[in-house]
Amino acid sequence: MPSTAIYARYSTDLQNDASIEDQVRLCKEYAERNNLSVAEVYTDHGISGTTMNRPGMQSMMSDAAKGKFSFIISEALDRISRDQEDIAGIYKRVSFEGIQIHTLSEGPVNELHIGLKGTMGALFIKDLADKTRRGMRGNVEAGKSGGGKAYGYDMPRTFDARGELIRGDRTINEIEADTITDIFNRYASGESPRSIAMDLNAKGIKGPTSKGWGQSTINGNAKRGTGILNNELYIGRMIWNRLKYIKDPETGKRVSRLNDESEWIIKGVPELRIIDDALWKRVKDRQKVQSQTSFAQGHSKRLCDHNRPAYILSGLVKCGVCGGGMINVNSDRTGCANARNKGTCSNRKTIKRTALEKHVFDGLKNHLLHPEMFAKFCEVYTEHLNTLRSQKNAAYNAAVSELQTTKRDQEKLIDAILNGIPAEHVKGRLDSLKEHQDELENIIANHTPEPVVLHPAMAQHYQKNISNLIEALAKPEFKAQASDAIRKLIERITLTPSTEGNNKPYIIEVQGVLADILNLALDSDTQEKRPLSESDLNPSIALVAGVGFEPTTFRL
């Protein structure tokens, strides 16, 4: 019996695990009726269908590439995805592997379903968003919450005369309100947001996200109305629609955009006031002075400067104790952000930024693809490629075999028509076989094996190219481009405190991006291959500086 995978998903609070169970049960019944053996069940609980960042979906796509099943069954196409681009990409990838998608609603899925259902799914999401915003605005116009829970307030569960939940009501949380008042008073008196945050964490006072206080939690962004010190709800003024959120198509994450002030909805809610006008004004006056001081000191930068990392390793360095980011604690040293700004990490050691860069560059240049270690890597990588080629060839051979069977089945039906069976009785079956034949022929036609050969001199080419990049950092006209190229090679740098004293404060672990490292190792004079891409590699593999795929640490 052909093997099949079942995929089930639900996304809203109105659904629960019972929805998953219902979907799986119906899909298993469908598989049984169609003589399919269920190999695996993949599920995603409470995750939107507009993103591909779903553990169950990612597992299923990974297993599909390994040829673990020939069919995918789901309740409906919108369970698999509601995004036009994503559903087309899923269909394209599984079709390449010779896998058919069947749904209880649409039956066997083809290109027509992908186009129509993908469009319908996108329109559904847009319509749902519009209706949700309309409902939220109705609440705001009535002086109620437009969504989200603000620190300092509770959302009581009350019911009307018909027993229906009344949504959007807020009441002041007296304990949190005292913390808010304390923050405003301390800031107005000259204390820094970082000092306030560290003291609140030391006292064990939970923050808005229950993850500890940070200076940005307090200071926020005055223009966007974020942060404790900028929330006008604390003076009885509710502002809704200040920001809009859109999804980044590259990362799938939501990003905020500031709306024009004419689009803001402003309502007075005096019953929710926590801070008096005099204290609010003292805070705003100090923020204004701080902003002017920063501008006078030259801290205002052009947009391109804001978007470009201040230093070559900015954002790549993580603390080995808490997993948080490492920041520049002064003009020349790097330390743990959580230890410095929140007091929630015990790692108080720092390292000179120039020393860190020197050791990372040395690791990239002399350790990451050392010729002796590269030989071991080649062995492991070649084995991985052979596995991928074997899987790809298996799918190709299966398509060739199935194509012959499909053609024979069509010939039998044509013979039956010639022997007197009415054509309308077998027309549907003939159409289905012809459609399946086209799919198989497409898989066969697109089968173009591209063996990726690792040149024996790749390690030397890599060392030469990385040396050129490091030298280019010293040349102003090439610094920005070289910096970007080096950052692409690094996935993560982890600094773990050493026990060897101040002379060697940290153990440094550099994790590289496999595809970009190998592309840098390609030499145009000796390599006629296309640049390597993620499709050549197992996405779960990250090459770490050292032997094969094993981490190697560089001690200071």
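The values are calculated or read from the model by the stated rules, or taken from the named source; none is laboratory data. Small disclaimer: the values here were computed from a predicted structure and weren't measured. Glycine gets a Cβ as well: all are built from the backbone with ideal geometry, and neighbour counts include every protein chain shown. All accessible areas refer to the heavy atoms of the entire protein, side chains included, with ligands and DNA or RNA removed. Shrake-Rupley method; radii C 1.70, N 1.55, O 1.52, S 1.80 Å.
Please determine, by comparing only the residues of segment 227-240 that are part of a helix (DSSP H, G or I) and of a type outside the set (A, V, I, L, M), which one is surrounded by the fewest Cβ atoms within 10 Å (Cβ to Cβ). Step through it out loud before you land on a result.
Step one: of segment 227-240, the residues part of a helix (DSSP H, G or I) are 228-230, 232-235.
Still in the running and of a type outside the set (A, V, I, L, M): 230, 232, 234.
On the way: 230: 18, 232: 15, 234: 25.
Of everything passing the filter in segment 227-240, 232 is surrounded by the fewest Cβ atoms within 10 Å (Cβ to Cβ).
On the basis of being in contact with a strand residue (DSSP E or B) (Cβ under 8 Å, 6 or more places away or on another chain) and among the small types (Gly, Ala, Ser), does residue 236 make the cut? Break it down into steps so the answer makes sense when it comes.
Working: in contact with a strand residue (DSSP E or B) (Cβ under 8 Å, 6 or more places away or on another chain): yes; among the small types (Gly, Ala, Ser): yes.
So residue 236 fits the description; yes.
Quick one: is residue 260 over 30 Å from residue 122 (Cα atoms), surrounded by fewer than 17 Cβ atoms within 10 Å (Cβ to Cβ) and not β-branched (Val, Ile, Thr)? Spell out how you get there, then give the answer.
On the way: over 30 Å from residue 122 (Cα atoms): no; surrounded by fewer than 17 Cβ atoms within 10 Å (Cβ to Cβ): yes; not β-branched (Val, Ile, Thr): yes.
Against the criterion (over 30 Å from residue 122 (Cα atoms), surrounded by fewer than 17 Cβ atoms within 10 Å (Cβ to Cβ) and not β-branched (Val, Ile, Thr)), residue 260 does not qualify.
Residues checked against (1) at pLDDT 70 or above; (2) over 23 Å from residue 466 (Cβ atoms):
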site: 325; (1), (2): yes, yes
site: 339; (1), (2): yes, yes
site: 378; (1), (2): no, no
site: 384; (1), (2): no, yes
site: 389; (1), (2): no, yes
For the subset of segment 451-476 comprising residues that are assigned to a helix (DSSP H, G or I) and modelled with pLDDT of 75 or more, which member is nearest to residue 336 (Cα to Cα)? 470
I'm told residue 274 meets every condition in (1) touching a Phe, Trp or Tyr at 6+ places or on another chain (Cβ under 8 Å); (2) part of a loop (DSSP other than H, G, I, E, B); (3) at pLDDT below 80 except one. Can you identify the failing condition by its number? (3)
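Criterion first (within 19 Å of residue 43 (Cβ to Cβ), over 27 Å from the mean Cα position of the chain (by Cα) and open to solvent by 50 Å² or more (accessible area, probe 1.4 Å)) does residue 112 satisfy it? If you could, list the steps in order and put the result at the bottom.
On the way: within 19 Å of residue 43 (Cβ to Cβ): no; over 27 Å from the mean Cα position of the chain (by Cα): yes; open to solvent by 50 Å² or more (accessible area, probe 1.4 Å): yes.
Here the answer is no, as residue 112 does not meet what is asked.
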Can you name every residue in segment 182-226 that is of a type outside the set (D, E, K, R), open to solvent by 50 Å² or more (accessible area, probe 1.4 Å) and under 29 Å from the mean Cα position of the chain (by Cα)? 208, 209, 210, 215, 216, 219, 221, 222, 226
